[in-house]
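The values are calculated or read from the model by the stated rules, or taken from the named source; none is laboratory data. Predicted model only: the values in this text are computed from it and were never measured. Backbone-built Cβ (ideal geometry, glycine too); neighbour counts: all protein chains shown.
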Amino acid sequence: MKPSEDAYGRLIAGYLETGEGIEIVERHDGFINANPHGPAAYFFPFRKWPKAERTAMRLARGRVLDVGCGAGRVSLYLQERGHEVVGIDLSPLAAEVSRRRGVKDVRELPVTRVSRRLGLFDTIVMFGNNFGLVGGKPRAPWLLRRFRSITNEGARILAESVDPYKTDNPDHHAYHRRNRRRGRMAGQLRIRIRYGQYTTPWFDYLLASPDEMARLAKGSGWELADVIDEGEHVYVGVLERV
Ligand SMILES: C[S@@+](CC[C@H](N)C(=O)[O-])C[C@H]1O[C@@H](n2cnc3c(N)ncnc32)[C@H](O)[C@@H]1O
């Protein structure tokens, strides 16, 4: 990634330095979302995490892969509990922030490049809605199969997502229809992150309902065994290796 593309990293590093920052997400249809809680939430201590994430942490076991580790809150929590954790992030600056905050093993790596070179894992965590990084079809089944190839028997994915259909916003419903007309999944967002003059490339980020998550997992070596839904904006799907 070119330095000018590391908007996520700038946002996270800026928040580390100043305690301020707003996550600006630009969607391909021109819809812009400014999330003042974005960077702050990536630094939250465990007690301030969404309840679904706290509940899901009870299911983490063994060696853990933290996908898109951001500022490292999940890796740090699990490290403190004695897990061996590898954090990966596409953003060089986010990886650096995680390291500075104490994550012992952080790799600058896009999720699509995970391989057995990282070793084998018992748990894969995709928090901060990072199940979204499966992108949509056809990448999702491909990536889930790839995850299977780097896990041990009995492994789990703790996959956080947002059900895209739980919204009253007409702009979002119109976007779903537009996606479907184009043969994409309704919640398959095409977005980029902006920070000052920094802009990530456009990428697909999937918001999936639990049913959609179950369907994507089926045939990719995983099964949606449980859904941790605490009535918040987000839920965590528990995918078990089959
Ligand atoms: C929404 S933040 C979540 C951070 C962290 N998981 C958390 O919950 O606090 C998304 C993170 O995923 C990283 N990311 C985005 N695309 C990625 C990709 N293709 N591969 C790996 N990491 C990626 C971003 O750089 C950012 O640090």
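Read through the list (1) within 16 Å of the ligand (Cβ to nearest atom); (2) over 29 Å from Lys48 (Cα atoms); (3) surrounded by 20 or more Cβ atoms within 10 Å (Cβ to Cβ); (4) among the aliphatic types (A, V, I, L, M), then give the number of the only condition that Val134 fails.
(2) is the only condition that Val134 fails.
Please find, within segment 109-118, the residue that is surrounded by the most Cβ atoms within 10 Å (Cβ to Cβ) out of those that are more than 9 Å from the ligand (Cβ to nearest atom) and farther than 16 Å from Arg241 by Cβ.
Only one residue fits best here, namely Leu118.
Can you tell which of Tyr175, Tyr205, Tyr195 is under 17 Å from Met126 (Cα atoms) and surrounded by 14 or more Cβ atoms within 10 Å (Cβ to Cβ)?
From the options Tyr175, Tyr205, Tyr195, the qualifying one is Tyr205.
Step by step: first the residues of segment 1-13, then only those that are hydrophobic (A, V, I, L, M, F, W, C) and assigned to a helix (DSSP H, G or I), then the one that is nearest to the ligand (Cβ to nearest atom). Which residue is that?
Ranking the qualifying residues of segment 1-13, first place goes to Ile12.
Could you tell me whether any residue of segment 161-169 is closer than 22 Å to Ile228 by Cα, crowded, with 22+ Cβ neighbours inside 10 Å and at pLDDT 95 or above?
yes
With respect to Arg148, is the statement that it is at pLDDT 95 or above, over 16 Å from the mean Cα position of the chain (by Cα) and over 15 Å from Arg241 (Cα atoms) true?
When the stated conditions are applied, Arg148 does not pass them.
Would you point out which residue out of Arg113, Arg192 is in contact (Cβ under 8 Å) with a residue 24 or more places away in the chain and within 27 Å of Lys2 (Cβ to Cβ)?
Every option except Arg192 fails the conditions.
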